[in-house]
Structures are given as C-alpha cells and as structure tokens.
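Asks: There's a structure below that I have some questions on.
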Amino acid sequence: MAEQRPAERPPLLVGRGVTRYFGGVAAVQDVDFEVRAGEVLGLIGPNGAGKTTLMNLISGLLPLSRGDLIFNGRSIKGLSPWDIARLGIARTFQIVKPFTGMTLRENVAMGAMFARDGKGVSAREALEVAGEVLEMVGLGHRMNAYTDELNIAMRKRLELARALALNPRLLLLDEVMAGLNLREVERLMELVRSINARGVTIIVIEHVMKAIMGISDRIVVLHYGKKIAEGTPQQVAQDERVITAYLGRRFGQGKGA
Ligand SMILES: Nc1ncnc2c1ncn2[C@@H]1O[C@H](COP(=O)(O)OP(=O)(O)OP(=O)(O)O)[C@@H](O)[C@H]1O
Ligand SMILES: [Mg+2]
C-alpha cells in the first residue's frame, strides 16, 4: 500500500471553537484547527498569543470555557490530564521541572508508569522503558546521573524523554529549543523528525524560526488568542498579517537562535 502523505490522512485531533477565558480576557478564542495523523503542526505567535494555553487545554490541565476538542474521533472535553495521557497525548512543559534527587532513569520511569495502555506496568518494566527512551533522546550515557547535573540542552532532552515514555500518539512540544545554541537546535530538530518518523503526530510551539519552519508540515498562527493564519511554512511566512503581527519583528533577530 502506498504511504499516505500527511495531508491525505484523517485528523487525529480536531479543535472546534476552542475558547479559554481568564477573568474577562480570552487567552484563546474561537480557534478551529485540525492535526492530521502523522503530521508536524507548528504553533507560532507573539508572547501571550495563547499558544501554551491551547496546549494546556489539549492536555487537560485547564478546562475549556467553550468549544470542543476531539481526539481520535471522541471528545476529550472535561477529561483529566491522566485520562488524556492514557489516551495517548503527552506533552513537555515550557518551564522544565524535573524531580530532583532522582536519576534521569527514575525521572523518566515515572512517566512510563502512566503510559498509554500501561495498566499494570511494573517498576522494573518502567525502568526498562525509561532506559530505551533515554537512549533514543541521546541521554543513554547519563541514565544514572542526577537531574541537577544537567545543562539546559540535556534538561530539554530529559523533558522529551519523559513525554515519550508515555508512548504517545500525539506529542505536544512547548519551546523545547528555547535557550539552545544553533548546533543544539539542529540536533534537536533531527530528534523531533526521527520521533515523527516513528509515527508520532506532533504539535510544536517554537520561537526559533529556523526550527519551526524546518520541521513543520503546516503552521497555525495565533495572535491575541485568535487564529490569524494557517498553511505551509512558506504560506505563513508570506502572509501580511503574520509579518505584521509576528515575523516582521522576529526574522533575523529571532530569540534563541
Ligand atoms: N493561568 C493563567 N491565569 C491568568 N492568565 C493567564 C494564565 N495563563 C495564561 N494567561 C494569560 O493568557 C494569555 C496567553 O498566555 P500563554 O501563556 O498561552 O501565551 P503564549 O503564546 O504561550 O506566550 P509565550 O510565547 O510568551 O510563551 C496571556 O495574556 C497570559 O497572561
Ligand atoms: Mg508559552
């Protein structure tokens, strides 16, 4: 059977009128979007545009004020973060907070215990999965180190490993490239591509333009909580509203790289 291109595949996640208020302010407002199975969807926009809030809504950390989110054909509205993780949605956090006093392997094993279809995973199995996932992200040699020994690039990889230990179908990455140098960004882009090549669908938030343009099949642009553009990286890069709201100021002097 010929492989389907992402554009031809069914949607894995659909957002309809996704809205979240904080007090009277809409952090995310009436956002419609689709993520197709196997695709890398980029999410960009200025600081405060609502990107992290949208990820918090998808992962169940925050309830929707209005709208719906349909994952794999079923509404996940109102489900707990644990239920959503078990359905196969994993995420990283913009501010990385590993458990201190634990080795990398123990940190990641905590994630594996909650893995998709992971009912009854023993501690030993969880540690085994953790070892494999740490190898995958290039931290195999530091498996038994403590998290306070890690530099920023390693912490970002650990964060990725924790999410991957959940065996997700959909992976949400919130600024995993922030604070990395150009070489580290390139290596992490390779890693994200290889995770996607294993069949994991990805939504990625990033201010590092080179990275977001290089790894996304499509990009959704948020501005003051609203979707102002959507399309291929080339299409959004040429969109007047996107240039005015975001790219004009960023291109060439991008934060991070
Ligand atoms: N828990 C919260 N309580 C109140 N307001 C919040 C909360 N979380 C986010 N906001 C507000 O919602 C808006 C969107 O914030 P959000 O963190 O989603 O933006 P972002 O696009 O991720 O920005 P950045 O690029 O700086 O990470 C901002 O105005 C922010 O101050
Ligand atoms: Mg954010």
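Asks: Answer with yes or no whether Phe114 is part of a loop (DSSP other than H, G, I, E, B) and either open to solvent by less than 80 Å² (accessible area, probe 1.4 Å) or within 16 Å of ligand 1 (Cβ to nearest atom) (or both). Outline the logic, then answer.
Replies: Values: part of a loop (DSSP other than H, G, I, E, B): yes; either open to solvent by less than 80 Å² (accessible area, probe 1.4 Å) or within 16 Å of ligand 1 (Cβ to nearest atom) (or both): no.
Criteria not met by Phe114.
Asks: Which of the residues that make up region 32-86 are away from ligand 1 (no atom under 16 Å from the Cβ), open to solvent by 30 Å² or more (accessible area, probe 1.4 Å), part of a strand (DSSP E or B) and in contact (Cβ under 8 Å) with a residue 24 or more places away in the chain?
Replies: Residues satisfying the conditions are Asp32, Arg36, Asp68, Ile70.
Asks: Would you confirm whether or not region 135-151 contains a residue that is away from ligand 2 (no atom under 16 Å from the Cβ), at pLDDT 90 or above, closer than 22 Å to Gly42 by Cα and in contact with a helix residue (DSSP H, G or I) (Cβ under 7 Å, 6 or more places away or on another chain)?
Replies: Checked against the condition, which is being away from ligand 2 (no atom under 16 Å from the Cβ), at pLDDT 90 or above, closer than 22 Å to Gly42 by Cα and in contact with a helix residue (DSSP H, G or I) (Cβ under 7 Å, 6 or more places away or on another chain), region 135-151 yields at least one hit.
Asks: Filter the strands (runs of 3 or more DSSP E) completely within region 159-256 down to those with at least 1 residues that are open to solvent by 70 Å² or more (accessible area, probe 1.4 Å) and farther than 20 Å from Leu134 by Cα. Walk me through how you get there before you give the answer.
Replies: On the way: elements: 170-174, 201-205, 218-223, 226-231.
The qualifying strands (runs of 3 or more DSSP E) are 226-231.
Asks: Let me ask something else. Go through region 46-71 and give me each residue that's more than 16 Å from ligand 2 (Cβ to nearest atom) and under 15 Å from Leu166 (Cβ atoms). Step through it out loud before you land on a result.
Replies: If we filter region 46-71 for residues that are more than 16 Å from ligand 2 (Cβ to nearest atom), which is where we start, we get 60, 63-71.
Once the filter is applied, which keeps residues that are more than 16 Å from ligand 2 (Cβ to nearest atom) and under 15 Å from Leu166 (Cβ atoms), region 46-71 yields Gly60, Phe71.
Asks: Identify all residues within region 87-99 that are more than 16 Å from ligand 2 (Cβ to nearest atom), open to solvent by less than 40 Å² (accessible area, probe 1.4 Å) and in contact with a helix residue (DSSP H, G or I) (Cβ under 6 Å, 6 or more places away or on another chain); write none if there are none.
Replies: Start the filter on region 87-99 by keeping residues that are more than 16 Å from ligand 2 (Cβ to nearest atom), which leaves 87-90, 98-99.
Now restrict to residues that are open to solvent by less than 40 Å² (accessible area, probe 1.4 Å): 88-90, 98.
Ala90, Pro98, listed by residue number.
The values are calculated or read from the model by the stated rules, or taken from the named source; none is laboratory data. Note that the coordinates shown come from a computational prediction; the quantities given were computed from them, not determined experimentally. Neighbour counts run over all protein chains shown; Cβ positions are idealised from the backbone, glycine included. Note: areas computed on protein heavy atoms with side chains; ligands, DNA, RNA excluded. Shrake-Rupley method; radii C 1.70, N 1.55, O 1.52, S 1.80 Å.
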